[in-house]
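Here is the structure we will look at, set down as structure tokens.
Every number here is computed from the coordinates shown, using simple stated rules; none is lab data. These numbers were taken from a predicted model, which means no experiment stands behind them. Backbone-built Cβ (ideal geometry, glycine too); neighbour counts: all protein chains shown.
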Amino acid sequence: MRRKPADFDEAFFERFYGDPATRVADTGDAERVAGLIAGIVRYVELPVRRILDAGCGVGMLREPLLAHFPKARYDGLEYSAYLCRRHGWIEGSLADYAPKVPYDLVVCHDVLQYLEDATAARAIRNLARLSRGALYLSVLTRRDWAQAADQSRTDRTVHLRTADWYRRRLRLGFRHVGAGVHVARSLEPILWELEQPWR
């Protein structure tokens, strides 16, 4: 199933982000995610002046990220024409967005499951071009759907893939430093052995 920009309309965002009875995340979740990202990025000493929130949705991460990186510029990239009109985000697809200058930090939170396999693979290759520093990636996997997701609040019109499907593609451009944070392959942050992800 191929999702169109019109699928991500006002009703979609009201259900999953607006209505407290059905929303999947709130500002508290965004603050915790931003704190996690900032803690790891600071620990590996990556400067952040430019942030791309790829698939930014209603922009819940904007303020928390800027609170941690107050000198940074935040750009929101969004596929939904409705949200771009409403919030002024950059309208486009993660698979082919090509700014002139890469970003220090790219956040891709729960986006790739909406893309078909070929488009998701292109988007992951593009993430390596978009980030010269860090990438935070969170995506719903087949195992997450079965074992962790609240299925009454989580959109089920998605492509469920294995974590290994993502890891194989991410390894080409990134090294994982933990908790969903990756750094560009060209960087080699110093981490003690037990701070590194277990294999």
Pairing a residue in the range 104-127 that is within 21 Å of GLU31 (Cβ to Cβ) with any residue that is assigned to a helix (DSSP H, G or I) and among the aliphatic types (A, V, I, L, M), where Cβ atoms lie under 7 Å and the two sit 6 or more apart in sequence or on different chains, gives LEU105/VAL41; VAL106/LEU127; VAL106/LEU130; VAL107/ILE37; CYS108/LEU127; HIS109/VAL33
Note on the range 78-131: residues among the acidic types (Asp, Glu) and more than 20 Å from GLY180 (Cβ to Cβ) are GLU78, GLU91, ASP96, GLU116, ASP117
If we ask which residues in the range 68-92 are over 18 Å from LEU135 (Cα atoms) and not in a loop (DSSP other than H, G, I, E, B), their number turns out to be 9
If you go through ARG125, ARG132, ARG85, ARG50, the only one that is of a type outside the set (A, V, I, L, M, F, W, C) and in contact with a helix residue (DSSP H, G or I) (Cβ under 9 Å, 6 or more places away or on another chain) is ARG125
